[in-house]
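The values are calculated or read from the model by the stated rules, or taken from the named source; none is laboratory data. None of the values given here were measured: they were computed from a predicted structure. Neighbour counts run over all protein chains shown; Cβ positions are idealised from the backbone, glycine included. When the accessible area is computed, the model is the full protein with side chains, heavy atoms only, and any ligands, DNA or RNA have been set aside. Shrake-Rupley method; radii C 1.70, N 1.55, O 1.52, S 1.80 Å.
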Amino acid sequence: MLPTVLIADDDKSLHSVVKRMLKDTPYKLRSAYNGMEALAAAKASPPDVILLDINMPDKDGLEVLAELRENPATRNICVVPVSEAPLQSNRMDRSSFPVQDCIPKPFDANKLQERISHALRHSEEILPEANRAVLPLESQLEKLSNQTVRRGRQINAAFETLSRRLNKLEQKQNEPPKKAAPWSWHHAPTALAGVALGTLVTFSLLHHAPSNTPIPLQASFAPIIPAQQTSAPGLPPATAKKKPRPIKQGNLAPKGPVLRSIRRQHFRVTLNTTQPVHGRAVYSPKENAVVLELPETRSGLKRRNLPGYGKLITRVRVLPTKTKSSQGTRVMIYLARPVSYKITQNGKKILVDFFYGGRVMK
């Protein structure tokens, strides 16, 4: 199977030049003309090598690199950056992602072929390590599937037993009630014997009673008055009911949006709220931080100081703010160096993206 090379560049003339240079090589070439198309092509059918232009519309090369790094299916693809000017080495993290040195434009065919062959050798070294990491996961998946099948059989057996018992109960309920046996003259001797026994007992009691004992003709039907309930001294009566405590307005939770979580990434900070909030962002040169104001929003986070992520975002701090009319929350994103930023409102999410190029904060 031929190795696949994906060319991601917004310049269509560059695609024809690269295809002409790699015409006699055993490579299968594919094309993508912006960052979104490059991500879609890499996720649909991962290539062996990606020639990635750093300066592209819609999504630049660094953003594409960050998203490829986050996806497990594309993190092992070797990337060869292409730019009109050589990039600094500290702008790309090679510790956990296969990134080759940048090729400056214009480039010659021999250097391009050499760089692609070197990237293919590098990817061949990475793939066996990835396969060794996948083998334990496959064994765990097989164990879980066997457990699922066994539990499914147990559940089916329990359902069958339950259905049989329900059928028996329905049959008993649908059966007509049994009628009592009719009285017949065969029961007469037993009834007469019971009447005779009761009569003899009554006469014997009257015969042995003393003659001078008066028999009261009127029974005492005095009304039964319950005893007065008493309680220990110093305690309220047992019948007294406790008065409900009035609910204070201060104990009620204030209404309004709540900041639920903050997610940090290499070039993005995402704020999740319970309701849509229109935030305002300002850059503070003194603090070297982006200050995001969330009006009429309270913080639901347990921690005020959050650690950073990557080499750009050093830490994130959450502070409550208060004015004469309302209260709010201030989120300070501290950066390692000045870069450009962009704030986007997406429903209950506020996205703060950082990128190189364009208007640089001073």
Quiz prompt | Boolean, S204 is assigned to a helix (DSSP H, G or I), modelled with pLDDT under 75, in contact with a strand residue (DSSP E or B) (Cβ under 6 Å, 6 or more places away or on another chain) and open to solvent by less than 90 Å² (accessible area, probe 1.4 Å) | solution = no
Quiz prompt | Residues of region 40-49 that turn out to be more than 20 Å from R121 (Cα to Cα) and either without any contact (Cβ under 8 Å) to a residue 12 or more places away in the chain or open to solvent by less than 30 Å² (accessible area, probe 1.4 Å) (or both), as a count | solution = 3
Exercise. Identify the residue in region 284-339 that is surrounded by 14 or more Cβ atoms within 10 Å (Cβ to Cβ), among the polar types (S, T, N, Q) and part of a strand (DSSP E or B) and, among all such residues, is modelled with the lowest pLDDT.
Key: Q327
Practice problem: Could you pull out the residue among V82, V99 that is modelled with pLDDT under 85 and buried (at least 18 other Cβ atoms within 10 Å of the Cβ)? | Solution: V99
Quiz item: Among the residues of region 25-37, is there at least one that is open to solvent by 30 Å² or more (accessible area, probe 1.4 Å), modelled with pLDDT of 85 or more and aliphatic (A, V, I, L, M)?
Solution: yes
Quiz item: Being touching a Lys or Arg at 6+ places or on another chain (Cβ under 8 Å), at pLDDT 80 or above and open to solvent by less than 50 Å² (accessible area, probe 1.4 Å), is that true of even one residue in region 104-125?
Solution: no
Practice problem: Please determine, by comparing only the residues of region 256-273 that are assigned to a loop (DSSP other than H, G, I, E, B) and within 24 Å of L62 (Cβ to Cβ), which one is nearest to the chain's Cα centre (by Cα). | Solution: Q265
Quiz prompt | Members of region 279-315 found to be among the charged types (D, E, K, R) and under 28 Å from N71 (Cα atoms), listed by number | solution = K311, R315
Quiz item: Counting only residues that are hydrophobic (A, V, I, L, M, F, W, C) and either open to solvent by 30 Å² or more (accessible area, probe 1.4 Å) or under 31 Å from the mean Cα position of the chain (by Cα) (or both), which one in region 50-79 is modelled with the lowest pLDDT?
Solution: A73
Quiz prompt | Count - residues of region 306-352 that are in contact (Cβ under 8 Å) with a residue 60 or more places away in the chain, over 24 Å from P257 (Cβ atoms) and in contact with a Phe, Trp or Tyr (Cβ under 7 Å, 6 or more places away or on another chain) | solution = 0
Quiz item: Going by the structure shown, is R20 under 18 Å from L112 (Cα atoms) and either open to solvent by 30 Å² or more (accessible area, probe 1.4 Å) or of a type in the set (S, T, N, Q) (or both)?
Solution: yes
Quiz item: Is there a residue being within 29 Å of P26 (Cβ to Cβ) and modelled with pLDDT under 85 anywhere in region 136-158?
Solution: no
Quiz item: Would you call P276 over 21 Å from V64 (Cα atoms) and not in a loop (DSSP other than H, G, I, E, B)?
Solution: no
